[in-house]
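Below is one structure, written out as structure tokens; the observations come after it.
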Amino acid sequence: MTLSAQNILWKKVNIEPLIWFRIVFGLLMLISTIRFWYNGWIESLFITPKFFFTFYGFDWVKPLDGSGMYAVFILMILAALFITIGLFYRFSTITFFVLFTYVELIDKTNYLNHYYFVSLVALLLCFLPAHRYFSLDVKFGLCRKQTYIPAWCLNIVKFQIGCVYFFAGVAKLNPHWLFEAQPLSNWLKHQTDLPMIGGFMKYDATAFIYSWLGCIFDLSVAFFLLFRKTRLAAYLAIVIFHIITGIMFPIGVFPLVMIALTTVFFSPFWFVQLFDKLTRKESKLLKEEATTFNKSFAILIWVYVVIQLLVPMRYLLYPGKLFWTEQGFRFSWRVMLIEKVGNTTFFIEPENGKGRKIVEPSNYLTPQQIKQMSTQPDMILQFAHYLRDQFENQRFEENGEIYEMGSPKVFVEAYANLFNNGSKLLIDPEAYLSELKYNLSHRSWITEYE
């Protein structure tokens, strides 16, 4: 059958690879959610903080008080378990997607690329018939058993995984990564104690080799996974890449997630054999055969694809150095590309301009929040707005004098160090942050990187 848009979407394919994907995803989310609770992150990230850095347009998302956040995670654990076993699948996937995304929207200082990836996969699973075989829904008669599905059900998952790799490679096409081996040249020198390979980490050449191989790997591996002759070699490269990355850097379960979920690219024959053994029945590989074409649904699929292709490239709409301004940085699969530290000092002035008070961020933010905010201008602006609201119509005493704030002015002295190249002024110190709008337009009050 020739390759065409209709074949990519509507060709009949075996359902087993999708069932495997559902089970693996559910198990990984079950383990990850329990691990999150076990490490005490519910308390430290969602209950302890006094202020949360919301995403643009989601200021209404707030954490629940007290035991409410624990209840959210209990529901997420149950939803992940039910996804794994295929019980009340539609309700479970929708519940997991809504709750997981809700948790990630509470505070962007917790943002990680693989959290965004999980939200997207959970969203896709809401529309996929991944419960119509080898599930309790089928066993209990809650849905009809199905042995084949339209090809888009698998291809949309492969596309999403491919986006992670490909755009991670596109993000590496920058002079810092390719011609300075940054930030790896700084990071690898702290890995000399690794067994066997540690001795090589002290050499600059090692960082350049890793940088170039990492770029080539990310740009190409998804395409090699698509072809039978190169699939095994590509997958072995994925396993090696993620194992090494997981050993060298503390990035949680992301390597395991990508190793496990990328198996969806395997031949349907592998999955058919696996489920034949599990069900003790013999299935057949389906011949390529078209299913019913649904024009409206096809349009929705292509809209989703276009969005996923455009969002990572939106940084091109902004002037300035991306790693400095970080405008368009999130949601673009930029994984471990930046080494940046910052320091911020906030000043509050009364409305009449008489007097100035230094505000210590640690009185309001956790160490994690301060670390993230100090290098990201949009968060600095958000915190300035928060301080404005906190001090409005308040009074403070300085050197024996009492000052009436009225509508206070907030300024910041912010410095950042990018790739260990020295501390530079990040924010215009004369910028009246408390009056600047928080939106998606270009932030001209960020200084130019020299």
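Read-outs throughout are calculated quantities, based only on the coordinates presented, and are distinct from any laboratory measurement. Every value quoted in this text rests on a predicted model; they were computed, and no experiment measured them. Cβ sites come from the backbone with ideal geometry, for glycine too, and all protein chains shown count toward neighbours.
Observations
- Over all pairs of different C-alpha atoms in the stretch 339-435, the reciprocal of the mean inverse distance, the Kirkwood hydrodynamic radius, equals 13.9 Å.
- Spread of Cα-to-Cα distances over 10 Å intervals beginning at zero, given as percent, for the chain: 4, 17, 26, 25, 16, 8, 3, 1, 0
- The stretch 339-435, dipole about Cα centre (Lys/Arg Cβ +1, Asp/Glu Cβ -1), debye to the nearest 20: 300
- Whole-Å semi-axes of the ellipsoid equivalent to the stretch 58-161 (Cα gyration tensor, √5λ, descending): 28, 18, 9
- Among Met29, Phe58, Trp10 the positive-end extreme of the charge dipole of the stretch 1-144 (Cβ point charges): Trp10
- Farthest toward positive dipole pole in the stretch 339-435 [+1 Lys/Arg, -1 Asp/Glu at C-beta], among Gln390, Asn352, Tyr403: Gln390
- Taking a straight line from the alpha carbon of Lys295, these lysines sit under 28 Å away, with near neighbours fewer than eight places off in the same chain left out: Lys11, Lys12, Lys145, Lys158, Lys287.
- Relative to the longest principal axis of the Cα atoms of the chain, the long axis of helix 228-248 lies at roughly 30 degrees.
- Pairwise centroid distance, computed over Cα atoms, of the stretch 394-415 with the stretch 318-341, Å: 33
- Angle in degrees between helix 89-106 and the longest Cα principal axis of the chain, rounded to the nearest 10: 20
- Folded to 0 to 90 degrees: helix 16-38 orientation relative to the chain principal axis, Cα: 30
- Rounded to the nearest 20 debye, the dipole size of the chain about its Cα centre is 2480 debye, using +1 on the Cβ of Lys and Arg and -1 on the Cβ of Asp and Glu.
- Across the stretch 334-421, the relative contact order, built from alpha-carbon pairs under 8 Å that are at least six residues apart, equals 44 percent.
- Straight-distance crosslink candidates among lysines, where the alpha carbon sits under 27 Å from Lys321 and sequence neighbours closer than 8 are dropped: Lys108, Lys172, Lys189, Lys340, Lys371, Lys424, Lys437
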